[in-house]
Amino acid sequence: MKKILVSILLLLFLFSCSKYSDIEEAYKSGDFENALKASQLILDNTLEEEALFWKTMSSWSLSRYDDAASSAELYLMLYPEEEKEHYILMLRAVLLLSKDKDKALKAGKELYYNHGLYKAGATKLYTLLVERNDPLQSKILAFLRPLLTATEYAFLMIDSESSSDSIILALEAMYEEQKDSVLYSDALNDAVFLLSERGEGEKIVQLALATATDDPELSITIGDLLYSLGDYRQATEYWEKGREISPEGYRIRMRLLSH
């Protein structure tokens, strides 16, 4: 009887190894649809650890982010630290994909304390920490800063709605790194808009002067903002820089000064 029981257990073990090796092989070959279907078949009957893992990874690879986040959240609830490598990947899935910011934040912090963060995850975690004014944000930024280019860092400061001084310093560094970049112009436009929304007129002027950009389109935007702040002299100077690309716009703006 004992031998029969051992044989049955061995067969079940071998069957389990075989079905997951097939799923893994399908996933690694890029056949994500079949890997997902095979995982879901198992999950229809039992919430096994590996089935949840491969469902998450397959859904993620197929850009089905809501499904991936849901299965990753379930995995973390059912199998806390079941297997280190799988667990870290599930934490990353929740951090990057979950719409529940509290769950994403918790996953991000756990990744940080388990040395599982990398650039994309650290960027997302930093943004979540800034939203909540969490003191951990300074440590994450210190970890993240060496991993980012000046351009990436400037966008991060803008996206996370960091302090005005931080945005200006980041844009100045970005300007030095790539003065002719289209990305620089886009980022500066975003920053000017953000500062104007905050009502920080002095910061807009500082931003305009500190970056000394030669972008005509951006100069028109800065001129408009300076005009709205009552600084007509500098507004005229910036409109002049954009005169060549928009002569009619320049004439209309100059008429404003005569009324």
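The values are calculated or read from the model by the stated rules, or taken from the named source; none is laboratory data. What you see is a predicted model; the values in this text were computed from it and never measured. Please note: Cβ atoms are built from the backbone with ideal geometry, for glycine as well, and neighbour counts cover all protein chains shown.
Details
- Among residues of region 34-64, those that are among the hydrophobic types (A, V, I, L, M, F, W, C), surrounded by fewer than 23 Cβ atoms within 10 Å (Cβ to Cβ) and under 18 Å from Leu97 (Cβ atoms), counted: 2
Yes/no per residue for (1) closer than 30 Å to Tyr20 by Cβ; (2) touching a Leu at 6+ places or on another chain (Cβ under 6 Å):
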position: Ala69; (1), (2): yes, yes
position: Val94; (1), (2): yes, no
position: Leu125; (1), (2): no, no
position: Leu144; (1), (2): no, no
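- Verdict on Leu171 being in contact with a Lys or Arg (Cβ under 8 Å, 6 or more places away or on another chain) and modelled with pLDDT of 65 or more: no
- Residues of region 126-163 satisfying the condition of being under 18 Å from Glu177 (Cβ atoms) and in a loop (DSSP other than H, G, I, E, B): Leu148, Thr149
- Residue list for region 222-259, filter: under 23 Å from Glu177 (Cα atoms) and modelled with pLDDT under 75: Ile222
- Given (1) in contact with a helix residue (DSSP H, G or I) (Cβ under 9 Å, 6 or more places away or on another chain); (2) modelled with pLDDT of 90 or more; (3) not basic (Lys, Arg), index of the condition Ala142 fails: (1)
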